Amino acid sequence: MLPSNLWREIPQRYRLEAVFCPKCSTTYFPPRELCTECGSRELEKKKLPTKGKLVTYTVIHTPPKGFELYTPYIVGLVRLEDGTHITAQITDADPNKLDLDVDVEAVIRKVKENGREGPIYYGYKFRPILNANGAPERKC
Amino acid sequence: MRKVAVIGVGMVKVDHHWKESLRSLFTKAAINALEDAGNPDVEALYVGNMSAGQFNKQENLAPMLADALGLGSKPSLRVEEGCSSGAAALYMALKDVASGMHDFVLVGGVEKMMDTTTSDATFIISTVTDQEYEAFTGLSLAGINAMVMRLYMKKFGVKRESFAKFVVQMHENASKNPYAQFPFKISLDKALNSAPVAEPIHLMDCAPIGDGAAALIICPAEKAKEFTSDQVDIVGAWKANDTFLFHMRKDFLSLKATIEASRNAYDMANITPEDVDVAEVHDSFSIAGILAIEDLGFVRKGEGWMAVEEGLISLDGEIPINPSGGLKARGHPIGATGIYQAAEIVLQLRGDAGKRQVPDARIGLSHNTSGFGTSAIVHVFKAK
Ligand SMILES: [Zn+2]
C-alpha cells in the first residue's frame, strides 16, 4: 500500500486530534464530518487528554498478518479523562499483572513495519502509570 | 407486500474442500436446493459472499455463478455485508419476491477460506472491523470479542467454564448434523483447555474457518403448495446497525443492532421472543453466542450464561439454540453462514432435521451479525 493512508492519519496518530461538537458536547475520535448525536455539521478540532483508565483488554496470541513479530501483545479499550474512549495497544506492561481500571497514559511507539521497503508505522499506545513502588496506579 | 415461502434448501458439508472450487462448491449447494424444491424455473440469483476477492482473488461472482448454474442472462447479484453476507442476500431476495418483481428466486451463500493461511485468514476476517482505528492497532475480531468477554466475566461474575459449556453444547448438537464441520462431541476439559487466541478467548471459543455453500429457493407463499407440502413462510425480517467503531458504543455488553433487528422482526411477524421454538444465533465466539441469547430477548441481560448452565438451550430445553451446532461446530464459512442458519431453521420447521430435531418446532429464527455486532439481520420463519 502507498504511504498516503499513513500520512493522512498523522494528526490523530501522533497528536490524538479529535473533533468536538459545541452544540451537544460530544467528542469524536477519530474525527468525523458530522455529529451523529445532534446532526450538527460544525465540529471543532480538539486535542484529547493523554491520561485515562483501562476499561478492558485482550492479550493477542494469534495476530492478523503483519503483527506476527510482536506476539503476545496487549490491545485495550481506554476511557480518557474527558470520557472519550479509544482503542490502543497497551505497552510496557506485564499481561499477568495488568488489571481493569488501572491508570494509563499515552506514548508514541512503533506500531508495525510494512515489509522491508514499506514505511514504518508509528502511533499512540498507552502504558500503565506506575506508583513509587513500581506497581500500576489505580486511583478509584 | 406478498407473503414469501421457502420451498427448497440445499447445503454441502462445511469442510476443507481441497478438491472443490468456489464455483463447484456453490453450484453443488444450489443444485441440492433446486432438487429439494422440485426444480422450479428460477428467475433470479442472489449470492452472499464476504471476500472471494481476498480469499480466492476472484471478484464478479454473480455472473460467474449464474453462468455455472445455466441461468443465462437472468439477473444475478452478489451481496456483501461482512460476516452477515448470507443473511443480507436473503434479505434482498425476500424483498424481490415480496415486491412482485420475481416469483422464483435462488438465494445462496458461499465462502472458500481454506486456500489461505491462518494469519492471512485472521487478517481478512479483521477487515470487517475499522481498518484505521481497530485493525491498525493489531486488534483482531477475536480480540474485540475477548475484550467484551473479560468485561462480561467481571460484571456478572462468570468464569470461562460457563463459556466452555456453551461450546460443549454446540459440539453435542453438531454430532447429530451431517452437514457439520465438527460432527463430534467434546469434553468440558477439552473445551476449556486449548491454546489462547486473544485472552480470555481460547481456540475452542472460536468458530473455525472452513469452506461451505448453502442455498434456498423462495417464492410467493400462494405458489408454494404446487411444489411442497412442507411450506415454511418467512414472516419477519429486519436489518439494523450499530456504531462501526466498537469504542463508540454506549454499552459494551449489548448488541444494539441485534436488539433492534429482532424487535422489528418480531413486530412484523406479530410474535414475542417467547413464541420462538428454535433459533440459530451468530456464535462466532462463545461470548457472541451468550450475548445473542440475551439480546434476542430469550433471557435477561447477564443471564445468558445461566441459560447454558441450566440446559435451557439444549435440543429439548425451553429455547433450543443452534441445533445445527452453530458457527462453532457446524462451521462458519462466512458469506454462507446466514444461509446455513436459514436452511437449518427450515429443516427444523418441516420436521426434517433428523436426530437433531427440536420437538414441535413451529416458529424459528435466524440471527446473523457482522463485525462485532456492527450490524445484525434477523429472519423469522413459520411452519404453514
Ligand atoms: Zn452534536
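The values are calculated or read from the model by the stated rules, or taken from the named source; none is laboratory data. What you see is a predicted model, and the numbers here were worked out from it, not measured in a lab. In this analysis, Cβ positions are derived from the backbone assuming ideal geometry, glycine residues included, and neighbour counts consider all displayed protein chains. We work out accessible area using only protein heavy atoms, side chains counted, and drop any ligands, DNA or RNA first. Shrake-Rupley method; radii C 1.70, N 1.55, O 1.52, S 1.80 Å.
Quickly run through region B:355-374 and pick out the residues that are of a type outside the set (Asp, Glu) and part of a loop (DSSP other than H, G, I, E, B). Scanning region B:355-374 gives B:Gln357, B:Val358, B:Pro359, B:Ala361, B:Arg362, B:Gly371, B:Phe372, B:Gly373, B:Thr374.
Based on what the data block shows, is B:Thr118 modelled with pLDDT under 95, open to solvent by 40 Å² or more (accessible area, probe 1.4 Å), on the phi < 0 side of the Ramachandran plot and touching a Ser or Thr at 6+ places or on another chain (Cβ under 8 Å)? Yes: the conditions hold for B:Thr118.
Elements of the type strands (runs of 3 or more DSSP E) sitting completely within region A:15-133 and holding at least 2 residues that are open to solvent by 30 Å² or more (accessible area, probe 1.4 Å) and more than 10 Å from chain B (Cβ to nearest Cβ): these cover A:17-21, A:44-47, A:51-60, A:103-113, A:120-128. Just a yes or no: is a residue in region B:332-346 farther than 22 Å from B:Thr272 by Cβ and surrounded by fewer than 24 Cβ atoms within 10 Å (Cβ to Cβ)? Scanning region B:332-346, I find no residue that is farther than 22 Å from B:Thr272 by Cβ and surrounded by fewer than 24 Cβ atoms within 10 Å (Cβ to Cβ), so the answer is no.
Give the residue that is most open to solvent (accessible area, probe 1.4 Å), with candidates limited to residues of region B:347-370 that are among the basic types (Lys, Arg) and out of contact with any helix residue (DSSP H, G or I) (no Cβ under 8 Å at 6 or more places or on another chain). Filtering region B:347-370 for residues that are among the basic types (Lys, Arg) and out of contact with any helix residue (DSSP H, G or I) (no Cβ under 8 Å at 6 or more places or on another chain), the one most open to solvent (accessible area, probe 1.4 Å) comes out as B:Lys355. Could you tell me whether any residue of region A:40-50 is of a type outside the set (Gly, Ala, Ser) and closer than 30 Å to B:Val197 by Cβ? Among the residues of region A:40-50, not one is of a type outside the set (Gly, Ala, Ser) and closer than 30 Å to B:Val197 by Cβ, which makes the answer no. Among residues that are aromatic (Phe, Trp, Tyr) and in contact (Cβ under 8 Å) with a residue 60 or more places away in the chain, B:Phe244 is included.
Is there a residue being within 26 Å of B:Ser375 (Cβ to Cβ), more than 14 Å from every other protein chain (Cβ to nearest Cβ) and surrounded by fewer than 24 Cβ atoms within 10 Å (Cβ to Cβ) anywhere in region B:130-145? The answer is no; no qualifying residue exists. Scan region A:35-57 for residues that are within 16 Å of the ligand (Cβ to nearest atom) and either touching a Ser or Thr at 6+ places or on another chain (Cβ under 7 Å) or touching a residue at least 60 places away in the same chain (Cβ under 8 Å) (or both) and jot them down. Matches in region A:35-57: A:Cys35, A:Glu37, A:Lys46.
Go over the candidates B:Ala29, B:Ala62 one by one and state the one that is buried (at least 20 other Cβ atoms within 10 Å of the Cβ) and in a helix (DSSP H, G or I). Walk me through it before giving the result.
Working: B:Ala62 fails: buried (at least 20 other Cβ atoms within 10 Å of the Cβ).
Going through B:Ala29, B:Ala62 in turn, the sole match is B:Ala29.
B:Thr228 - would you say it is in contact (Cβ under 8 Å) with a residue 40 or more places away in the chain, in a loop (DSSP other than H, G, I, E, B) and more than 13 Å from every other protein chain (Cβ to nearest Cβ)? Judged against the criteria, B:Thr228 is a match. Would you confirm, using the coordinates I've provided, whether A:Pro31 is free of Cβ contacts under 8 Å to residues at least 12 places away in the same chain and either touching a Gly at 6+ places or on another chain (Cβ under 8 Å) or within 16 Å of the ligand (Cβ to nearest atom) (or both)? Answer is no for this residue. Only one entry of B:Met153, B:Met113 meets the criterion of being more than 9 Å from every other protein chain (Cβ to nearest Cβ) and under 20 Å from B:Glu81 (Cβ atoms), and that entry is B:Met113. Scanning region B:162-205 for residues being free of Cβ contacts under 8 Å to residues at least 40 places away in the same chain, touching an Asp or Glu at 6+ places or on another chain (Cβ under 9 Å) and open to solvent by 60 Å² or more (accessible area, probe 1.4 Å) gives a total of 2. Does B:Glu134 count as assigned by TED's automatic domain parsing to the domain that holds B:Ser262 and among the acidic types (Asp, Glu)? Answer is yes for this residue.
Looking across region A:1-28, not a single residue is among the aliphatic types (A, V, I, L, M), modelled with pLDDT under 95 and either within 16 Å of the ligand (Cβ to nearest atom) or touching a Gly at 6+ places or on another chain (Cβ under 7 Å) (or both).
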